[in-house]
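> My questions will all concern the structure given below.
The values are calculated or read from the model by the stated rules, or taken from the named source; none is laboratory data. Because the structure is a prediction, the values reported are computed rather than measured. Here the Cβ positions follow ideal geometry from the backbone for every residue, glycine too, while neighbour counts run over all protein chains shown.
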Amino acid sequence: MADGRAARTIAATNGVAQDTAFGAVIAPIHLSTTYKFPAFEKPGPYDYSRLGNPTRDQLADTIAKLEGGARAVMVSSGMAALDLALSSLRPGDLLVAPHDCYGGTHRLLSMRAARGYYAVAFVDQTDEAALAAALARRPKVVLVETPSNPLMRVVDIRRVTGLAKAAGALAVVDNTFLSPALQQPIALGADLVVHSTTKFLNGHSDVIGGAVIAADASVGEELAAWANTIGVTGSPLDAYLTLRGVRTLFVRVEAQQRTAGALAAFLDAHPAVARVHYPGLASHPGHALAKAQQSGFGAMLSFELAGGLDAVRAVVATLQVFTLAESLGGVESLIAHPPTMTHAAMDPEARAIAGITDGLLRLSVGLEAEDDLLADLSRALDAAARV
């Protein structure tokens with residue numbers, strides 16, 4: 001970290017005990033929408049909360065430090081963050097995106113392209129020939145999502161961002177699945193990092209938000225100005241709650257990924273499971289790369305049931321500790337069926353190309369006792385084996 005403190009220390013203490021009014025240890029929430037001008041034609045550091053807010057700025061400063069960036073912009077959702085990160089694109093420009101990205105990302109890019117905002121090429125970025133062909137078209141932006149949602153494919157950030165820059169493209173990396181606790185894309189060459197702060201950064205499934213972190217301060221300033229212009233900046237209360245979540249990011253993720261590893265090993269050995277997607281398994285094709293560019297394997301995994309859709313129905317009907325719900329990164333464990341939930345907006349052909357089958361289930365591992373989660377999955381898979 002630039003200021004010499006460890007990342008987990010920054011997460012726990014950045015902005016603590018800095019209140020100059022009353023000496024509050026925890027920074028107060030500044031809910032005011034407007035601020036007094038000290039004098040005519042002399043605005044203070046803040047004038048209107050859409051443009052700037054002390055609480056939101058404290059969160060932005062913390063996340064920028066954690067990601068090793070120069071400036072972070074806090075917005076109202078993860079999709080708003082992605083849209084902001086792509087705001088430099090113009091009609092006729094090409095965006096190269098992952099073929100197996102989050103369903104909401106696929107929907108946004110497809111709809112923007114259909115309206116002529118820019119062109120999109122969905123590419124398997126682990127396929128060297130396909131990536132080279134896409135980069136030969138001189139894209140303006142290359143978007144990377146690693147590990148991918150929901151198949152946990154791992155992309156070499158340093159290599160792809162290097163190739164993107166050589167092609168004259170801006171390199172944008174979605175770091176939602178791992179958070180800066182486990183991966184720092186800017187150190188690997190990213191120009192911009194995007195987050196759905198709804199997920200691991202907040203960690204409590206009670207706030208919707210997003211962030212864009214820029215490696216270059218001037219780019220960050222441009223993004224902040226555009227976010228203010230179009231009105232997508234996040235609320236102070238959401239910023240306060242997210243900052244409270246960031247305080248425990250490292251201890252949460254450490255515990256969650258430890259349990260995720262145990263669940264992945266259990267699933268990998270179960271006869272009702274056809275395949276497990278988790279980079280922490282030595283059999284995962286991206287295991288060595290994940291080990292090299294990540295500081296952990298994360299708390300997200302997916303698996304395919306041998307019994308297909310009927311087995312999926314049996315599993316979700318039997319589970320008692322896991323909750324059938326979208327989203328991820330909270331303290332509670334969730335299970336989702338991507339084809340009918342998170343990736344339902346993708347047409348069947350796009351899902352097939354990405355490798356998202358009807359028998360696929362995605363887990364977000366929380367903080368429950370490992371034995372309870374294992375027992376829950378065991379009961380559910382026994383039910384699946386009977387269909």
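> Just a yes or no: is a residue in the stretch 4-13 without any contact (Cβ under 8 Å) to a residue 24 or more places away in the chain and loosely packed, with under 10 Cβ neighbours inside 10 Å?
Scanning the stretch 4-13, I find at least one residue that is without any contact (Cβ under 8 Å) to a residue 24 or more places away in the chain and loosely packed, with under 10 Cβ neighbours inside 10 Å, so the answer is yes.
> Determine which single condition residue 371 fails, assuming it passes every other condition in (1) closer than 22 Å to residue 203 by Cα; (2) under 22 Å from the mean Cα position of the chain (by Cα); (3) surrounded by fewer than 19 Cβ atoms within 10 Å (Cβ to Cβ).
(2)
> Considering 143, 135, which residue is in contact with a Leu (Cβ under 8 Å, 6 or more places away or on another chain), under 24 Å from residue 74 (Cα atoms) and not β-branched (Val, Ile, Thr)?
Working: 135 fails: under 24 Å from residue 74 (Cα atoms).
Matching residue, one of 143, 135: 143.
> Looking only at the stretch 157-183, count how many residues are touching an Asp or Glu at 6+ places or on another chain (Cβ under 6 Å) and over 14 Å from residue 85 (Cβ atoms).
Result for the stretch 157-183: 1.
> Applying the selection to the stretch 327-350, what residues are within 18 Å of residue 309 (Cα to Cα) and of a type in the set (D, E, K, R)?
347, 349
> To continue, here is another question. Please find, among 360, 328, 334, the residue that is more than 17 Å from the chain's Cα centre (by Cα), modelled with pLDDT of 95 or more and surrounded by 15 or more Cβ atoms within 10 Å (Cβ to Cβ).
Exactly one residue qualifies, and that residue is 360.
> For the stretch 112-137, enumerate the residues that are touching a Lys or Arg at 6+ places or on another chain (Cβ under 7 Å) and under 21 Å from residue 80 (Cβ atoms).
Answer for the stretch 112-137, where residues must be touching a Lys or Arg at 6+ places or on another chain (Cβ under 7 Å) and under 21 Å from residue 80 (Cβ atoms): just 118.
> Can we say residue 56 is buried (at least 23 other Cβ atoms within 10 Å of the Cβ), assigned to a helix (DSSP H, G or I) and among the basic types (Lys, Arg)?
Yes; evaluated as a whole, the condition is true for this residue.
> Taking interchain pairs and intrachain pairs at least six residues apart, which have beta carbon atoms under 7 angstrom, with the first residue in the stretch 206-234 and touching a residue at least 12 places away in the same chain (Cβ under 8 Å) and the second assigned to a loop (DSSP other than H, G, I, E, B) and among the β-branched types (Val, Ile, Thr)?
Partner pairs satisfying both residue conditions: 207/198; 208/198; 209/197; 209/198; 210/197; 211/197.
> Follow-up. Hey, can you tell me all the residues within the stretch 25-48 that are in a strand (DSSP E or B) and over 20 Å from residue 233 (Cα atoms)?
39, 42
> Could you list, in sequence order, all residues of the stretch 59-95 that are surrounded by fewer than 19 Cβ atoms within 10 Å (Cβ to Cβ) and charged (D, E, K, R)?
If the condition is that a residue be surrounded by fewer than 19 Cβ atoms within 10 Å (Cβ to Cβ) and charged (D, E, K, R), then 61, 90, 93 are the ones that fit.
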